[in-house]
Amino acid sequence: MSLLQRVKNFVRSKSIHVAYVDVGSCNGCDIEVLACLSPRYDIEQYGIYVHNNPREADILLVIGAFTPGWEEKLRSVWEKIPDPKAAIAIGNCPISGCVFNRPHSLIDPPVAKHIPISAQVPGCPPRPTEILSAVLAVAPVVFKDYEVKKR
Amino acid sequence: MALSLTYYLKEFFRLEWLQKFLFVRTVPLVTPPYFRNFPELTGKTCTHHLFCMMACPAPGAIDVIRTPEGWQPRIHLGHCIRCGLCVEACPNGVLTSGRILETMFYDNTALSFSFRIDVDTDRCMGCGNCAVACPVNKLIDAQMSFGGRASTDDLLLKVSEGKCQVLHVEKCTGCKTCEHHCPNEAISVARLLEAVHAPEEEL
């Protein structure tokens, strides 16, 4: 492994930029994601920054059961993120639809049908610590040796 | 003034302080054991009352499946919302989550299920499908004939005088088999879930 690659691995594991997108949740998981920013959990000490701009993000947090309004939009948000990238499903809704997954509801879970999901955090809502440890666990695995894997 | 400022600035050049400032970070907070988490098995024997499945508000979150060791509830992550109702509804304490079982013990509370069967006499045509399908009836009178007629009165459901009669509603287990087998939607089972303080068997 070249020195440049090693430097890239180190830098990528120390600086993770996150965007989150709510594809129709009840706001419970949004609040838990925002709680990660609070001094109690303080994600910035791990080098995780929330910009909410897909153009400069590494990780996309997908929140909520998939509503029809997001049919084409989620895909385009995902394509705007530069490589290497990963998407994490936060909460039960993007995994299974949770309590909204009833007959005659308009949602279309799981989100994995629409964009590739690399990790899932179950819970309704998941705790901020669980979200935090999921981001910290996924980022080094997905971003390690990205240039080597691409070739 | 100048002295105190020097002392103040000197603090920032202490090696220990610099090390802390640059490198120390808190580990992600661990979840305390008393937090309500996904229910886990306690190892007690499940008696297949299925009260956990009846109390569960999230679709597809809990199943009771048959294993070589007997019946066992399974929690499905990604569906479970950690409400803890299955833990409270279980009559045997098969599941545990956080402090729910301890709290129930100290407060002497329980969730109790009762069932009510309503027969719409205008719709019931006395075909007896409900009485024949009922698993409780099958245990009491395995010889029950087609049409739901029987000689014994110990049954849960029975057809007499051309209508379905509910005889012993306290024997109902709430499985709703009768409801699924009724061709006319005449019979309906209501599951009543109530929180009780000081359950009767402990008084």
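Figures for the structure shown
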quantity: Gaussian network model of chain A, springs between alpha carbon atoms under 10 Å - residue of A:SER15, A:SER76, A:SER105 with greatest fluctuation; calculated: A:SER105
quantity: The protein assembly as shown: projected area of the alpha-carbon convex hull, averaged over directions, in nm²; calculated: 30.0 nm²
quantity: Rg(Cα) / (2.2 N^0.38 Å) computed for chain B, rounded to two decimals; calculated: 1.73
quantity: Shielding by partners - mean other protein chain Cβ count within 10 Å, residues of B:77-85; calculated: 6
quantity: Karplus-derived 3J(HN,Hα), 6.51/-1.76/1.60, for each residue of segment A:83-94, Hz, glycine and proline x; calculated: 6, x, 9, 8, 10, 10, 8, 9, x, 5, 4, x
quantity: Packing rank of B:173-184, B:113-124, where each peptide gets the mean count of other beta carbons within 10 Å, highest leading; calculated: B:173-184, B:113-124
quantity: Rg/Rg_ref, segment B:59-177, where Rg_ref = 2.2 N^0.38 Å and atoms are Cα; calculated: 1.39
quantity: Unsatisfied cross-links (Cα-Cα over 27 Å) in the set A:LYS80/A:LYS113; A:LYS149/B:LYS20; A:LYS113/B:LYS176; calculated: A:LYS149/B:LYS20; A:LYS113/B:LYS176
quantity: B:GLY128 long-range amide H proximity, modeled H, under 5 Å; calculated: none
quantity: Within a Gaussian network of chain A (alpha carbon springs, distance under 10 Å), most fluctuating of A:ASP22, A:ASP83, A:ASP30; calculated: A:ASP83
quantity: Per-selection Rg to Rh, chain A - Cα, Kirkwood hydrodynamic radius; calculated: 0.99
quantity: Compactness index (Cα Rg / 2.2 N^0.38 Å), segment B:40-107; calculated: 1.04
quantity: Where only C-alpha atoms are counted, convex hull volume of segment B:115-192 per residue in Å³; calculated: 74 Å³
quantity: Shape box of segment B:1-54 [Cα atoms, principal axes, largest first, Å]; calculated: 79, 20, 15
quantity: Two-site label geometry, A:TYR146 and B:GLN72: point separation in nm, points 7 Å out along Cα→Cβ; calculated: 4.2 nm
quantity: Two-site label geometry, B:ASP122 and B:ASP107: point separation in nm, points 7 Å out along Cα→Cβ; calculated: 4.3 nm
quantity: Contact order normalised by residue count of chain B, Cα under 8 Å, 6+ apart, percent; calculated: 19 percent
quantity: Average other protein chain Cβ within 10 Å of Cβ, residues A:85-98; calculated: 3
quantity: Residue-wise HN-Hα coupling along segment A:6-21, computed from phi with Karplus coefficients 6.51, -1.76, 1.60 (Hz; x: Gly, Pro); calculated: 5, 4, 4, 4, 5, 5, 5, 7, 9, 9, 10, 9, 10, 10, 10, 9
quantity: Choice from B:LEU22, B:LEU167, B:LEU157 showing the highest fluctuation, given a GNM over chain B with Cα pairs closer than 10 Å; calculated: B:LEU22
quantity: Number of partner chain Cβ atoms within 10 Å, mean per residue of B:49-59; calculated: 2
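Read the figures in this text as sums done on the coordinates, not as results from a lab. Since the model is a prediction, treat every value here as computed from it, not as a measurement. Virtual Cβ from ideal backbone geometry, glycine too; neighbours counted across all protein chains shown.
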